[in-house]
Amino acid sequence: MIKSDTLIYLASRSPRRRKLLKQLGIIFRSFSVNTIEEVLDGEHPVDCVKRLALEKMNRAKKNVRNSIIITADTIVVLDKEVIGKPKNRKDAINILSLLSGRVHTVYTGFCVFNQKTNKSIIDFEKTKVEFRTINKDEIIDYVESGSPMDKAGAYGIQDDFGAVFVKRIDGCYYNVVGLPLTKLYNALRKLT
């Protein structure tokens with residue numbers, strides 16, 4: 001278990017990330033940071049998620065003092081193309097149609113920074129996800145539920161219905177949800 005006299009903050013309002021930290025029994029507070037989550041031309045996905053997590057950290061550490069801060073960013077990559085959150089329902093339908101019957105990769109970069117010691121760990125995780133072939137009606141029903149609208153790749157592996165699109169994964173399940181728990185836990189242990 002993570003026991004710390006130092007306050008821990010999650011710089012994210014993602015309900016999925018908050019739930020994952022609670023699962024570890026970590027007592028923390030959360031707040032959001034506004035950053036432009038832009039993918040640079042030719043940037044490797046690993047470099048991208050680590051850079052975005054660090055950019056979030058640079059903003060987050062201005063909001064609190066003498067604390068441990070966690071930031072993260074998740075992207076979905078299909079055929080070397082980064083797929084972010086859908087812009088609207090039509091975009092969500094297009095994204096899910098692209099992912100249908102194919103394998104994509106989910107990357108999450110995270111940063112943990114202890115302000116008291118001025119030490120940080122930046123790391124990432126990647127997980128391959130294979131979708132079964134999903135029909136148009138399933139896609140439309142899922143999009144109409146509103147669930148995919150705030151998620152990279154337009155789906156949540158933890159969703160009641162989004163979960164049935166996934167045929168198999170190779171790697172960390174929790175990474176696909178939004179935080180690679182094992183790596184994050186180990187980073188927190190080193191910095192608390």
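Each of Tyr142, Asn114, Thr127 was scored by the projection of its Cα onto the charge dipole of region 108-192, and the greatest displacement toward the positive side belongs to Asn114; charges sit on the C-beta of Lys, Arg, Asp and Glu.
Select from region 17-65 those trypsin sites (Lys or Arg not before Pro) which occupy a DSSP coil region and have at most 13 other Cβ atoms within 10 Å, ordered by residue number. Passing sites in region 17-65 are Lys62, Arg65. Against the chain, whose longest principal axis comes from its Cα atoms, helix 181-191 is set at around 10 degrees. Rounded to the nearest whole Hz, the Karplus-based 3J(HN,Hα) values (6.51 cos²θ - 1.76 cosθ + 1.60, θ = phi - 60°) of region 50-62 follow the sequence 5, 5, 5, 5, 5, 4, 4, 4, 4, 7, 5, 5, 7, with x at glycine and proline. Across the options Asn34, His44, Ile2, the greatest Cα extent toward the positive end of the charge dipole of region 1-52 (unit charges at beta carbon of Lys, Arg, Asp, Glu) belongs to Ile2.
For the pair Lys128 and Ser32 in one chain, pulling the backbone fully straight at 0.36 nm per residue adds 31.8 nm over the alpha carbon distance.
Dipole check for region 8-191: with +1 at the C-beta of Lys and Arg, -1 at the C-beta of Asp and Glu, and the Cα centre as origin, the magnitude is about 1080 Debye. Placing +1 on the Cβ of every Lys and Arg and -1 on the Cβ of every Asp and Glu, with nothing else charged, gives region 104-161 a dipole about its Cα centre of roughly 540 debye.
Computed from phi, the 3J(HN,Hα) profile of region 29-40 under the Karplus parametrisation 6.51, -1.76, 1.60 (θ = phi - 60°) reads 10, 9, 8, 9, 10, 9, 9, 8, 8, 9, 8, 7 Hz, with x in place of Gly and Pro. Helix-only arithmetic for the chain: the sum of -39500 (n - 2.57) across DSSP H runs with n ≥ 4, divided by the residue total, places the mean residue ellipticity at 222 nm at -9500 deg cm²/dmol.
How many nm is it between the label spots at Met149 and Val46, if each spot is 7 Å from the Cα in line with the beta carbon? If labels sit at Met149 and Val46, their model points lie 3.6 nm apart. In percent, rounded to a whole number, the relative contact order of the chain is 23, using alpha-carbon pairs under 8 Å and six or more apart.
Amide H contacts for Ser67 (H built 1.01 Å from N in the peptide plane; partners 5 or more residues away or on another chain; cut-off under 5 Å): Gln115, Lys116.
Near the amide H of Ile83, within less than 5 Å, lie the amide hydrogens of Val76, Val77, Leu78, all on another chain or at least 5 residues away, with H placed in the peptide plane.
Read the figures in this text as sums done on the coordinates, not as results from a lab. As the structure is a prediction and not an experimental result, all values here were calculated from the model. Note that each Cβ is placed from the backbone with ideal geometry, even for glycine, and that neighbours are counted across all protein chains shown.
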